[in-house]
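Novice: Have a look at this one.
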Amino acid sequence: MEDVMVRRRDILINKLELQEGSCIILTDSSNLLYFAGVGVGCLIIDCDEATLILPKLEEEEVKAKVGSTLSLEVYGPEDRLMDRVVRILSEVKPSTIFFDKLSVRDYEAMGKITSNLRECMDTIWEMRMKKDSYEMKLIARAAEIARRTMDKVSSILEPGISEWELAVEAEYIMRKMGAESVAFQTIVASSSSSSKPHAKPSYRRIEENDIVVIDLGAVYESYRSDMTRTFLLGDFKHKYSYLLEAVHKAKNEALNLLRPGMLAREIDKAARKILVDLGYGEYFIHGLGHGVGLDIHEPPYLSPIYEKPIPEDCVVTIEPGIYIPGMVGVRDEDMYVVGEEVQSLTSFNYLE
Ligand SMILES: [Mn+2]
């Protein structure tokens, strides 16, 4: 595992054409997980070595994980992480500092060391978008937990249970299956709440004739999953099935186009056109999908404003929805590996 991190850091150094006397500093916890193997502290990479600055309280655990490929520099409670980093860099005086994310305060402090401050998230995303086989396994496991949880939750979904209880059950089931946490706050949105894509679960109890949107995801070994199902109960099965059919049609259109090299926005456009043609254009109020990995929403974004093609070996969601304010909403979301073939990680036959 340590070798993987060393290789990733070397690739980043090469891609940025890092010169002797310059450095890269990483502070985002997902970037730290990707390049250091742990999600804490601040990583300083130069041409010769990588040093992780971290609080003393993390030392023992981090040491065991990162081995000997990283130098560690710890600080006690009297210091602050980025103050420490700024002091170290003030001594080294790098000619260029590449960074992922900095607060304005830290950016200004770095600006006193060099005027060559260069944000490098695009380059990092080029790397992080393409998942290796080990990452794929972890994402597939996170997706498997989500898929099996959705299956179990659908079996306890009946009139009388509240949105809150369903969300808590879902989170408990995921944790019991080995999820280290939930990938985001579980969404359970029934009745007219279903028209809000990010509705918070309420104490409302599910009724005999109802609609329930459930959106959940797990974290497994730091990698995330994301899936959504819309359940129609009682008479609503007939009343609103046309909305679900519409999103399924849009989803299939997207799947027909989903492949490496395809412009992400063209896939969004094609799926959106299906919903526009059916008269629901104004009710599809978000992008078609997004990448998933160490972050729950990451590039590539299948949206009208994302200009890049879909890279090979990425993992994306496809999640068309229709949201009619104050009335009803539906969404259907699965995760896909985009390799030579497109493979679903979450599909199961939930309509009996
Ligand atoms: Mn999603």
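Novice: For LYS308, which of the numbered conditions (1) under 21 Å from GLU253 (Cβ atoms); (2) surrounded by 18 or more Cβ atoms within 10 Å (Cβ to Cβ); (3) of a type in the set (D, E, K, R) fails to hold?
Specialist: Among (1) under 21 Å from GLU253 (Cβ atoms); (2) surrounded by 18 or more Cβ atoms within 10 Å (Cβ to Cβ); (3) of a type in the set (D, E, K, R), the lone unmet condition for LYS308 is (2).
Novice: Given the structure, is LYS269 within 20 Å of LYS249 (Cα to Cα), basic (Lys, Arg) and away from the ligand (no atom under 16 Å from the Cβ)? Full working, then the answer.
Specialist: Numbers: within 20 Å of LYS249 (Cα to Cα): yes; basic (Lys, Arg): yes; away from the ligand (no atom under 16 Å from the Cβ): yes.
Yes: the conditions hold for LYS269.
Novice: Still on this structure, I have one more. Counting just the residues of region 312-329 that are within 21 Å of the chain's Cα centre (by Cα) and part of a strand (DSSP E or B), which one comes out farthest from ASP295 (Cα to Cα)?
Specialist: Of the residues in region 312-329, the ones within 21 Å of the chain's Cα centre (by Cα) are 312-321.
Among the residues that remain, those that are also part of a strand (DSSP E or B) are: 314-318, 321.
Working: CYS314: 13, VAL315: 11, VAL316: 12, THR317: 13, ILE318: 16, GLY321: 22 Å.
Among those residues, the one meeting the criterion is GLY321.
Novice: Something else now. Looking at VAL247, is it of a type outside the set (Phe, Trp, Tyr), closer than 25 Å to THR186 by Cα, within 14 Å of the ligand (Cβ to nearest atom) and in a strand (DSSP E or B)?
Specialist: So VAL247 does not fit the description; no.
Novice: Restricting attention to region 17-56, which residues are over 16 Å from TRP125 (Cα atoms) and touching a Gly at 6+ places or on another chain (Cβ under 9 Å)?
Specialist: Correct list: GLY37, ASP46, CYS47, LEU52, ILE53, LEU54, PRO55, LYS56.
Novice: Could you grab me the full set of residues in region 298-352 that are without any contact (Cβ under 8 Å) to a residue 60 or more places away in the chain, β-branched (Val, Ile, Thr) and touching a His at 6+ places or on another chain (Cβ under 7 Å)?
Specialist: The one that is without any contact (Cβ under 8 Å) to a residue 60 or more places away in the chain, β-branched (Val, Ile, Thr) and touching a His at 6+ places or on another chain (Cβ under 7 Å): VAL316.
Novice: Here's a follow-up. ILE173 - would you say it is among the β-branched types (Val, Ile, Thr), over 21 Å from TYR203 (Cα atoms) and either modelled with pLDDT of 95 or more or part of a helix (DSSP H, G or I) (or both)? Before you say what the answer is, go through the steps one by one.
Specialist: Details: among the β-branched types (Val, Ile, Thr): yes; over 21 Å from TYR203 (Cα atoms): no; either modelled with pLDDT of 95 or more or part of a helix (DSSP H, G or I) (or both): yes.
Taking the combined requirement at face value, the residue does not satisfy it.
Novice: On to the next question. Please go through region 134-151 and pick out each residue that is under 16 Å from the mean Cα position of the chain (by Cα) and basic (Lys, Arg).
Specialist: Result: LYS137, ARG141.
Novice: If you don't mind, there's one more thing I want to ask. Could you list, in sequence order, the residues of region 153-174 that are over 20 Å from THR317 (Cβ atoms) and either among the hydrophobic types (A, V, I, L, M, F, W, C) or surrounded by fewer than 16 Cβ atoms within 10 Å (Cβ to Cβ) (or both)?
Specialist: Within region 153-174, SER155, ILE156, LEU157, GLU158, PRO159, GLY160, ILE161, TRP164, LEU166, VAL168, TYR172, ILE173 qualify.
Novice: Moving to a separate point now. Give me the pairs: first residue in region 91-116 and under 23 Å from ARG9 (Cα atoms), second residue basic (Lys, Arg), beta-carbon distance under 6 Å, and six or more apart or on different chains, which are they?
Specialist: Final answer for the pair search is PHE98/ARG118.
The values are calculated or read from the model by the stated rules, or taken from the named source; none is laboratory data. As the structure is a prediction and not an experimental result, all values here were calculated from the model. All Cβ positions, glycine included, derive from the backbone under ideal geometry; neighbour counts span all protein chains shown.
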